[in-house]
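Okay, structure first, notes after.
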Amino acid sequence: MEREMELEKNIAVKIEHVSKWFGKRKVVDDLSLETYEGEVFGFLGPNGAGKTTTIKMAVGLIGIDEGHIEICGADVEKKFEKAMANVGGIVENPEMYKYMTGLNNLKQYARMRKGVTPERIREVVELVGLTNRINEKISRYSLGMRQRLGVAQALLHHPKVLILDEPTNGLDPAGIRSLRDILRTIAHKEQICVIVSSHLMSEMQLMCDRVGIIVNGKLIRVTSVEELVQGENITGGRYRYHISDSEKASQIIGGFQNASVIETDPNHLEILLEAGNEQILSEINRKLVLNGIELYTVAPIEGQKLEDAFIELTKGDGQIA
Ligand SMILES: Nc1ncnc2c1ncn2[C@@H]1O[C@H](COP(=O)(O)OP(=O)(O)OP(=O)(O)O)[C@@H](O)[C@H]1O
Ligand SMILES: [Mg+2]
């Protein structure tokens, strides 16, 4: 609801023409994008795409070779302290003392940050749903609880940007769901920009408002998850037909320039319409019927659209299609 009001969008992170080399290898290549307060933004890409490297540059863990990154208007390199005051991040495992309680860990961490009140500690504990367990030692926490404590820790100093590299790694489905709900709530209710990374499309589809797809260090697309799920701007529409004569139908559909038949058996076929050509569906249907084909059903194919799109874009092997 709150997102639909579309107040003005505040830029949280601005990445401008950023490149990074490791030795002679360019692992981040002229990457530019903006993320906004109040959204969950995901870096989606296969292993080695450059997600962690980009995140490390944004949180100041490694230098930027070319280009600039700003956090809430402050340049990460030129105004480091100011930029970092607005970021909370978990890139590697958060530093925690297992023999201490969750609460004492947060207190310990709070000492290193300015202006964290006991009230704020209570607030973040509540936000991540650990109120009932916060007085237990971390050694008794599940991985999911530790991850949530890490999020609480990263939020202590009221950052406008929360950056988490592969936050759901190793969590079970219940843990993933709970973290996902927490992150979405934080973003939408607290107007924080939450940035996550993952190589799992299905997960990003559920967690994010927008995703940026990174392949071989290049940002190849930024899009809302809704658009990707609808599948329109990348793969075009996919439809499944139940008809009387799929061979004849294939020939007819093959005559349309922007449509292709991708699978057939005698009574079923699937067609793929190129992006932006969904309107020809009615023309196709009319032509099928006029040619004496019984058209029982036509259904859009839903489901793993983001995954389809991702595989389509990367050809499944991390190479740009
Ligand atoms: N410290 C480093 N020295 C040399 N090469 C590195 C270093 N860190 C990363 N790389 C290389 O940079 C490329 C991008 O790595 P990065 O860790 O950013 O990918 P990623 O998208 O986070 O992948 P994953 O999904 O596996 O976490 C990879 O080819 C990796 O081998
Ligand atoms: Mg990584």
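We did not get these values from a lab; they are worked out from the coordinates using the rules stated. Quick caveat: nothing in here was measured; it's all calculated off a predicted structure. Ideal geometry is used to build each Cβ from the backbone, glycine not excepted, and the neighbour counts take in all protein chains shown.
For the chain, calculate the relative contact order in percent as a whole number, restricting contacts to Cα pairs under 8 Å that are 6 or more residues apart. Please report the intermediate quantities before stating the final value.
Numbers: 615 pairs, mean separation 61.4, N = 321.
Across the chain, relative contact order equals 19 percent.
Quote to one decimal, in nm, the extra length available between N132 and Q251 on full extension: 0.36 nm per residue of separation minus the C-alpha distance between them. Please report the intermediate quantities before stating the final value.
Working: separation 119, 0.36 × 119 = 42.84 nm, distance 6.44 nm.
Contour length minus the Cα-Cα distance gives 36.4 nm.
Can you return the lysines within cross-link range of K189? Criterion is Cα-Cα under 25 Å, with same-chain partners fewer than 8 residues away left out.
K9, K14, K82, K107, K114, K160
If I build a Gaussian network model for the chain, linking alpha-carbon pairs within less than 10 angstrom, which residue out of Q153, Q108, Q257 has the largest mean-square fluctuation?
Q257
Could you state, as a whole-number percent, how many of the C-alpha pairs of the stretch 1-152 are farther apart than 24 Å?
Details: 5319 of 11476 pairs.
Pairs farther apart than 24 Å: 46 percent.
Between the alpha-carbon centers of the stretch 138-187 and the stretch 249-284, tell me the distance in whole angstrom.
44 Å
For the chain, modelled as a Gaussian network with Cα springs under 10 Å, which listed residue fluctuates most, D209, D29, D172?
With Cα springs under 10 Å in the chain, the top fluctuation among D209, D29, D172 is at D172.
Quote the relative contact order of the stretch 49-186 in percent (integer), defining contacts as alpha-carbon pairs under 8 Å separated by 6+ residues. Spell out each step's value before the answer.
On the way: 158 pairs, mean separation 37.6, N = 138.
Relative contact order of the stretch 49-186: 27 percent.
Can you give the % of DSSP beta bridges in the chain that are antiparallel, to the nearest 5? Please report the intermediate quantities before stating the final value.
Numbers: 39 of 56 bridges.
For the chain, the DSSP antiparallel bridge percentage is about 70.
If you wrap a convex hull around the Cα atoms of the stretch 101-250, how much volume per residue is inside, in Å³?
Numbers: hull volume 24.7 nm³, N = 150.
Enclosed volume per residue, from the Cα hull, is 165 Å³.
Within the chain, what's the longest run with no chymotrypsin sites (Phe, Trp or Tyr not before Pro) in a DSSP loop and at most 14 other beta-carbon atoms within 10 Å? Give the range, please.
Details: sites that count: Y97, Y99.
With a cap of 14 other Cβ atoms within 10 Å, the longest stretch comes to 100-321.
For the chain, I need the span (max minus min coordinate) of the C-alpha atoms along each principal axis, in Å, sorted largest to smallest.
In descending order, the Cα extents are 77, 46, 38 Å.
Choose one of N285, A110, N10: the residue whose Cα lies farthest towards the positive end of the charge dipole of the chain (beta-carbon charges +1 Lys, Arg; -1 Asp, Glu; about the Cα centre).
About the Cα centre, the residue reaching furthest to the positive side is A110.
May I ask for log10 I(q)/I(0) of the stretch 237-304 at q = 0.13 Å⁻¹, from a Debye sum over the Cα atoms as equal point scatterers with solvent left out?
The calculated log intensity ratios at q = 0.13 Å⁻¹ are -0.29.
How would you order 285-293, 179-187 from highest to lowest mean count of nearby Cβ atoms within 10 Å?
Details: 285-293: 13.8, 179-187: 19.6.
Taking the mean over residues of other Cβ atoms within 10 Å, the ranking is 179-187, 285-293.
Where in the stretch 41-66 does the amide nitrogen come within less than 14 Å of the point 7 Å from the Cα of W21, taken along Cα to Cβ?
64-66
Ignoring everything except DSSP H segments at least 4 long, calculate the 222 nm mean residue ellipticity for the chain; use -39,500 (n - 2.57) per segment, divide by total residues, nearest 500. It would help to have the intermediate numbers written out before the result.
On the way: 11 runs with 107 residues, N = 321.
Counting only the DSSP helices, I get -9500 deg cm²/dmol.
In the stretch 158-277, with Lys and Arg counted as +1 and Asp and Glu as -1 at Cβ, which of these residues, M207, S260, S246, has the Cα nearest the positive end of the dipole, that is, farthest along it?
With unit charges placed on the Cβ atoms, the residue in question is M207.
By the scheme Lys and Arg +1, Asp and Glu -1, what is the net charge of all other residues having a beta-carbon under 9 Å from that of V13?
Within the 9 Å Cβ shell, the charges total -1.
Taking the Cα centre of the stretch 11-230 as the origin, how large is its charge dipole in debye, to the nearest 20, when only Lys and Arg (+1) and Asp and Glu (-1) carry charge on their Cβ atoms? Write down the numbers at each step before the final one.
Details: 30 positive and 27 negative charges, 159 e Å.
Around 760 debye, computed over the stretch 11-230.
Could you give the dipole magnitude of the stretch 237-304 about its Cα centre, charging the beta-carbon of Lys and Arg +1 and that of Asp and Glu -1, in debye to the nearest 20?
Details: 5 positive and 10 negative charges, 34 e Å.
Rounded to the nearest 20 debye, it is 160 debye.
How high is the relative contact order of the stretch 118-251, in percent, counting Cα pairs under 8 Å that sit 6 or more residues apart? All intermediate terms of the calculation are to be shown ahead of the outcome.
Values: 108 pairs, mean separation 21.9, N = 134.
It comes to 16 percent, rounded to a whole number.
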